[in-house]
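Step one of this worksheet: look at the structure below.
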Amino acid sequence: MSQTPIPVTVLSGFLGAGKTTLLRYLLRAEHGLKIAVIENEFAASGIDSQLLGDAPAQVVTLANGCVCCSIHGDLERALFLLLERLDRGEIAFDRLVIECTGLADPAPIAQTFFVDEELRERYLLDAVVTLVDAAHAEVHLQQAIAQAQVGIADRILVSKRDLVDAAAFEALCERLTRINRRAPIQVVEHGCIDLSQLLDVRGFNLNAEMGLSLRPLRPVAKADRIASLVLRSERPLDIDRLSDFMNDLLENHGLSLLRYKGVLNIAGEARRLVFQGVLRLYGFDWDAEWGADEPRESVLVFIGDELPEERIRAGFAALAGDLA
């Protein structure tokens with residue numbers, strides 16, 4: 001019997017950005033959902049300091065029906081433990097939130113849901129949501145891991161907006177956009193936010209929605225390690241040459257590619273080709289046909305760690321003919 005996959009949200013952010021505050025709001029909000037939370041910092045978070053023990057994973061059902069799982073080891077073990085208890089009828093939940101530690105890279109966590117076949121069938125990775133502390137962002141973003149947390153995100157939430165002036169906030173938003181041009185940026189106040197910004201984001205769905213912010217970016221003297229690279233072409237792409245281009249890119253820079261997505265105009269094909277990936281894991285599919293009066297433009301977005309931009313642009317130009 002087929003089962004509806006359980007949507008998963010990965011909650012990321014540097015130390016002190018407000019993940020626990022947001023998580024408390026999510027668990028207490030009136031949404032009628034039974035949410036399971038995998039978290040490995042319960043002792044520090046104040047949600048329930050009694051959850052920690054010697055077992056690698058413990059599951060506790062909260063008063064409102066939500067489920068918390070504290071882990072001390074492997075994420076996969078916690079995921080399977082929740083499924084086992086769900087299948088035995090010991091717990092009930094219809095969504096899962098994974099709160100990363102402040103120093104964790106979300107990319108390997110996202111990969112978990114694509115590697116194991118059973119996890120792929122039972123869970124559906126919906127989005128990576130990253131919180132950024134406006135008051136301490138300049139210091140935090142000196143760390144490559146904090147930049148990576150921003151780079152992989154489908155949604156970026158800025159906390160402590162009230163502690164910085166308008167100029168500092170605008171500069172931060174521009175920097176975040178430079179790192180990740182896919183993710184919308186929104187302010188979260190004391191953990192409160194419209195839940196539609198966290199749930200059913202469909203950030204890992206194969207579709208033609210790029211979610212790009214294309215506002216002009218001012219030049220900067222020093223760029224961050226993590227940055228967005230956007231390639232465009234109005235010329236139809238040869239699918240074989242495109243495949244060679246992507247295979248070469250993944251072979252040489254796959255571990256530096258945090259997220260990437262493309263909506264492509266393929267020569268001789270009426271439908272869009274869409275693909276996206278995390279590191280070296282990716283998927284692709286044919287989407288809807290291009291409209292009769294619609295510009296058939298290919299757009300590729302790469303978010304990576306110190307990618308060789310000029311080399312990638314030259315490789316794309318060689319197969320596409322022109323760039324924006």
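Remarks
- Looking at the stretch 6-96, the helices (runs of 4 or more DSSP H) lying wholly inside it that each contain 3 or more residues that are surrounded by 14 or more Cβ atoms within 10 Å (Cβ to Cβ) and modelled with pLDDT of 85 or more sit at 19-28, 75-87.
- Scanning the stretch 112-139 for residues that are farther than 30 Å from PHE80 by Cα and either among the hydroxyl-bearing types (Ser, Thr, Tyr) or part of a helix (DSSP H, G or I) (or both) returns ALA137, GLU138, VAL139.
- Residues (among the basic types (Lys, Arg) and either modelled with pLDDT of 90 or more or surrounded by 13 or more Cβ atoms within 10 Å (Cβ to Cβ) (or both)) located in the stretch 272-303: ARG272, ARG296
- Looking across the stretch 237-294, the residues that are farther than 19 Å from ALA227 by Cα and in a helix (DSSP H, G or I) come down to ILE239, ASP240, ARG241, LEU242, SER243, ASP244, PHE245, ASN247, ASP248, GLU251.
- Among the residues of the stretch 185-198, those that are surrounded by fewer than 19 Cβ atoms within 10 Å (Cβ to Cβ) and assigned to a loop (DSSP other than H, G, I, E, B) comprise HIS190, ASP194.
- Close Cβ contacts (under 6 Å, 6 or more residues apart or on different chains) running from residues in the stretch 20-41 that are polar (S, T, N, Q) to residues that are buried (at least 17 other Cβ atoms within 10 Å of the Cβ) and in a loop (DSSP other than H, G, I, E, B) comprise THR21/GLY191.
- Just one of the listed residues (GLY262, GLY254) is under 20 Å from ALA183 (Cα atoms) and either surrounded by 15 or more Cβ atoms within 10 Å (Cβ to Cβ) or within 22 Å of the chain's Cα centre (by Cα) (or both), and it is GLY262.
Residue by residue, here is whether (1) in contact with a Gly (Cβ under 6 Å, 6 or more places away or on another chain); (2) part of a helix (DSSP H, G or I); (3) modelled with pLDDT of 90 or more; (4) in the same structural domain as TYR123 (by TED's automatic domain parsing) holds:
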position: ALA167; (1), (2), (3), (4): no, yes, yes, yes
position: GLU174; (1), (2), (3), (4): no, yes, yes, yes
position: THR177; (1), (2), (3), (4): no, yes, yes, yes
position: ALA183; (1), (2), (3), (4): no, no, yes, yes
position: ASN207; (1), (2), (3), (4): no, no, no, no
position: PRO216; (1), (2), (3), (4): no, no, no, no
position: VAL230; (1), (2), (3), (4): no, no, yes, no
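The values are calculated or read from the model by the stated rules, or taken from the named source; none is laboratory data. Only a predicted model underlies this, so the values are computations on that prediction, with no experimental measurement involved. Cβ coordinates were reconstructed from backbone atoms using ideal geometry, including for glycine residues, and neighbour counts include every protein chain displayed.
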